[in-house]
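Everything below concerns the one structure shown next.
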Amino acid sequence: MHLISYDIQEDALRVKIAKTLIRYGMYRIQYSVFMGDIKDSALKKITDALHQFAQEALWSADDSVMVLPLHQYSEDYVEFIGRSPEEWLEITGKMHTLIL
């Protein structure tokens, strides 16, 4: 399980990063926070893409991305105050059935 959050000033770059995270299986839990149980190969692709974005002209000196691994004990103590993500079971990998 990983949590990825960003603080990016430029709208176009923010959209590119969000689409990349979703493409590799991350779920948006807040506007600039994504979470997902992804394989190491997908994590490598995500971090490679994030390093590429950091080289773009749209990247400012104040922009940042945080990639935080969450271990099982961290996941067990996650608390939501207010609305929790609708995809929580998918995010945690506890739902293995596609519901249409």
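The values are calculated or read from the model by the stated rules, or taken from the named source; none is laboratory data. Remember, predicted model here, so these are calculated numbers, not experimental data. Please note: Cβ atoms are built from the backbone with ideal geometry, for glycine as well, and neighbour counts cover all protein chains shown. For the accessible areas, the whole protein counts, side chains as well, though only heavy atoms, and no ligand, DNA or RNA atoms are used. Shrake-Rupley method; radii C 1.70, N 1.55, O 1.52, S 1.80 Å.
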Those residues that are among the hydroxyl-bearing types (S, T, Y) and part of a helix (DSSP H, G or I), I need them from segment 24-66; list them, please. S41, T47
When the residues of segment 40-86 are narrowed to those that are of a type in the set (S, T, N, Q) and at pLDDT 90 or above, which ends up surrounded by the most Cβ atoms within 10 Å (Cβ to Cβ)? T47
Residue pairs qualifying under the 8 Å Cβ cut-off, at least six apart or on distinct chains, with the first in segment 32-55 being within 22 Å of P85 (Cβ to Cβ) and free of Cβ contacts under 8 Å to residues at least 40 places away in the same chain and the second being part of a loop (DSSP other than H, G, I, E, B) and open to solvent by 40 Å² or more (accessible area, probe 1.4 Å), are I38/Y24; A42/Y24
K19 is checked against (1) surrounded by 12 or more Cβ atoms within 10 Å (Cβ to Cβ); (2) at pLDDT 95 or above and fails just one. What number does that condition carry? (1)
When D11 is run through (1) in contact with a Ser or Thr (Cβ under 8 Å, 6 or more places away or on another chain); (2) modelled with pLDDT of 90 or more, the failure sits at (1)
